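Heads up, the thing below is written out as structure tokens.
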Amino acid sequence: MMSKQVPKAKTKPQDQPKAQKLLGSVPYEGGFHFYTALGKYTGITVNSLSEFAEKLQFVPVESVVFHFHRDDFQKWIRDVIGDEQLAKRLDELKHWPSWSSEENLRKELVKTVQKRIAELA
């Protein structure tokens, strides 16, 4: 008797609609607006996780630190995008030993978001 091998998918078929929603775009009003401090808008807004991963690589590092310490990234990903799992992963980065540099924090955030996007794709 021959067994039929089925290739493994990254996301289960029943999870496809959810993955597509998480990878989709939100309206401008629901986008993530990068600031360097209260009232200091950088002029950069993203409307999806892929845009977030892309822009996170070159927004001012002051903006990355400002939002990370306020949990803004996690809140947006959880409440607007709807990805509880990614929000938790970013929360876990807060428990790492002190960062050797702000740029290392940025790189770790980008890597974490890109990894999640690949899982959902």
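Rule-based calculations on the coordinates, nothing more; no lab input. Bear in mind that the values here come from a model prediction, so they are computed numbers and not experimental data. Here the Cβ is made from the backbone with ideal geometry for all residues, glycine too, and neighbour counts use every protein chain on show.
List of remarks:
- HN-Hα J in Hz across segment 107-113 - Karplus 6.51, -1.76, 1.60, θ = phi - 60°, x for Gly and Pro: 4, 5, 4, 4, 4, 5, 5
- Rg ratio (alpha-carbon, reference 2.2 N^0.38 Å) - segment 24-68: 1.08
- Where labels lie 7 Å past Cα in the beta-carbon direction, separation of GLU103 and GLU62 in nm: 1.8
- FRET efficiency estimate (nearest 0.05) - Cβ-Cβ, GLU119 to ARG70, R0 22 angstrom: 0.25
- Cα-only Debye scattering, segment 13-120: base-10 log of I(q)/I(0) at q = 0.17 Å⁻¹: -0.76
- Gyration tensor verdict on segment 76-121 (Cα atoms; rounded if a/c is under 1.5, prolate if a/b is larger than b/c, oblate otherwise): prolate
- On full extension, the segment bounded by LEU23 and LYS111 gains 30.1 nm, given 0.36 nm per residue less the C-alpha separation.
- Selection of trypsin sites (Lys or Arg not before Pro), segment 43-79, meeting DSSP coil and at most 16 other Cβ within 10 Å: ARG70
- Long-range HN-HN contacts of TYR35 with modeled amide H, under 5 Å: THR42
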